[in-house]
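Below is one structure, written out as structure tokens, with a few remarks after it.
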Amino acid sequence: MLLTAGGAFGFDQDRAFMLLEAQCAFGPRNPNSEGHEMCLRFLERELGYWTEAVELEPFTYVSKNTGEELHLTNIIGHINPGARDRVILGAHWDTRPMADQDPNPDNRNTPIMGANDGASGVAILLEVARQLYMNPVDFGVDIVLFDGEDYGEESVLDDYLIGSRYHARHLKSPLPRYGILLDLVGDRDLRIPMEPTSQTYAGAVLEKCFAAAERVNSKSFVRETGKPAYDDHIPFLEMQIPFVDLIDFDYTYWHTVEDVSKHCSAYSLGEVGRVVMEVLRSEKF
């Protein structure tokens, strides 16, 4: 049994980085694209190796802005599916269909690679699933990869968080005790402050995460209030389910064509992965 600094169970950051690169190898994974379809099968297979059951949650959504019909799928890996006490770990697996923040106007209609904005959180959760397979916990964990988080334009909020809203509306009993969302967690200069909406509505869960970060000596977590994020935790908070967003919003390449793997690091993935593992290992229901 592998132990790391602070007593946390093992997390293979190099394998997580390999999984980040594997997602990027499909190209952009924006809805209705070829890369989106190929990556869906990869993620379904990868989660299937390490969880007792993989559930696909397919649905269609018509954009309020463009009128495009999107074919979307949330991917859920169930660990210890019979347990009544459950935790959700989430990340979005889709990528943005336009690089609207790119400094070059010629790039702004180009789909992004999403190495950090999407692939980083997914890569961590795939490795977390493997670690839990090798060293199980006695409660349930649902790893949910949300689709359609990043489709919208800034003025059309309905076109964001599409998959997480769908999943939250279709949650089955027993509801999760709490959730942890990972987004933009792989950049080389990782710095995760306390997201304000999480602080206000899920403060006890956020404290679990930051206390765990201190126990495993993760320097990327800072006890400062950061920028609020309109992210996949919101639909669950609206249902009174405590859900926190671990996010580094200060990422130079956000929504640009330069959101590629060379601007991410295995060490950053390890910082976050070890914290998530420590939260789970120290949980007492």
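The values are calculated or read from the model by the stated rules, or taken from the named source; none is laboratory data. Here the structure is a predicted model, which means the values were calculated and not measured. Using ideal geometry, Cβ is built from the backbone for each residue, glycine included, and neighbour counts are taken over all protein chains shown.
Can you find even one residue in the stretch 195-217 that is out of contact with any Pro (no Cβ under 9 Å at 6 or more places or on another chain), closer than 30 Å to THR110 by Cβ and buried (at least 17 other Cβ atoms within 10 Å of the Cβ)? Among the residues of the stretch 195-217, not one is out of contact with any Pro (no Cβ under 9 Å at 6 or more places or on another chain), closer than 30 Å to THR110 by Cβ and buried (at least 17 other Cβ atoms within 10 Å of the Cβ), which makes the answer no. Applying a threshold of 9 Å to beta carbon distances and a minimum spacing of six or more residues, or different chains, the list of pairs starting in the stretch 87-112 at a residue that is within 24 Å of PHE42 (Cβ to Cβ) and ending at one that is among the acidic types (Asp, Glu) and surrounded by fewer than 24 Cβ atoms within 10 Å (Cβ to Cβ) reads ILE88/ASP142; LEU89/ASP142; GLY90/ASP142; MET98/GLU153; ALA99/GLU258; THR110/ASP102; ILE112/ASP102; ILE112/GLU258. Applying the criterion of being of a type in the set (D, E, K, R) and within 17 Å of the chain's Cα centre (by Cα) to the residues of the stretch 228-249, the residue that is surrounded by the fewest Cβ atoms within 10 Å (Cβ to Cβ) is ASP248. Listed by first and then second residue, the pairs with beta-carbon distance under 8 Å, at least 6 apart or on different chains, first residue in the stretch 186-213 and farther than 29 Å from GLU21 by Cα, second assigned to a helix (DSSP H, G or I) and of a type in the set (A, V, I, L, M), are THR197/ILE234; THR197/LEU237; SER198/VAL205; SER198/LEU206; GLN199/LEU206; TYR201/LEU237; ALA202/LEU237; LYS208/VAL279.
Every listed requirement among (1) in contact with an Asp or Glu (Cβ under 7 Å, 6 or more places away or on another chain); (2) among the hydrophobic types (A, V, I, L, M, F, W, C); (3) outside any loop (DSSP other than H, G, I, E, B) is met by LEU246 save one, (1). Scanning the stretch 218-227 for residues that are of a type in the set (A, V, I, L, M, F, W, C) and either surrounded by fewer than 20 Cβ atoms within 10 Å (Cβ to Cβ) or touching a His at 6+ places or on another chain (Cβ under 8 Å) (or both) turns up just one, VAL222.
Taking every residue in the stretch 146-160 that is in contact (Cβ under 8 Å) with a residue 12 or more places away in the chain and hydrophobic (A, V, I, L, M, F, W, C) and pairing it with any residue that is assigned to a loop (DSSP other than H, G, I, E, B) and surrounded by fewer than 21 Cβ atoms within 10 Å (Cβ to Cβ), at least 6 positions away or on another chain, the pairs with Cβ-Cβ distances below 6 Å are VAL156/LYS64; VAL156/ASN65. Assessment of the stretch 98-121 against the conditions (modelled with pLDDT of 95 or more, under 23 Å from MET239 (Cα atoms) and not in a helix (DSSP H, G or I)) yields no matching residue.
For the stretch 197-241, name all the residues that are closer than 30 Å to GLU153 by Cβ and hydroxyl-bearing (Ser, Thr, Tyr). Within the stretch 197-241, THR197, SER198, THR200, TYR201, THR225, TYR230 qualify.
Could you look through the stretch 149-183, keep only residues that are surrounded by 24 or more Cβ atoms within 10 Å (Cβ to Cβ) and of a type in the set (Val, Ile, Thr), and pick out the one that is farthest from PRO242 (Cα to Cα)? So the residue we want is ILE162. Is it true that some residue in the stretch 160-170 is out of contact with any strand residue (DSSP E or B) (no Cβ under 7 Å at 6 or more places or on another chain), modelled with pLDDT under 95 and under 21 Å from PHE59 (Cα atoms)? Looking through the stretch 160-170, none of the residues is out of contact with any strand residue (DSSP E or B) (no Cβ under 7 Å at 6 or more places or on another chain), modelled with pLDDT under 95 and under 21 Å from PHE59 (Cα atoms).
Contact annotation: no residue pair with Cβ atoms under 8 Å, 6 or more positions apart or on different chains, pairs a residue in the stretch 49-77 that is more than 12 Å from GLY148 (Cβ to Cβ) with a partner that is in a strand (DSSP E or B) and modelled with pLDDT under 95.
Filter the stretch 203-227 down to residues that are assigned to a strand (DSSP E or B) and not aliphatic (A, V, I, L, M) and give me whichever is nearest to the chain's Cα centre (by Cα). Steps first, please.
Quick first cut of the stretch 203-227, residues assigned to a strand (DSSP E or B) only: 221-225.
If we keep only those that are not aliphatic (A, V, I, L, M) as well, we get 221, 223-225.
Working: PHE221: 17, ARG223: 21, GLU224: 21, THR225: 20 Å.
By that ranking, first place goes to PHE221.
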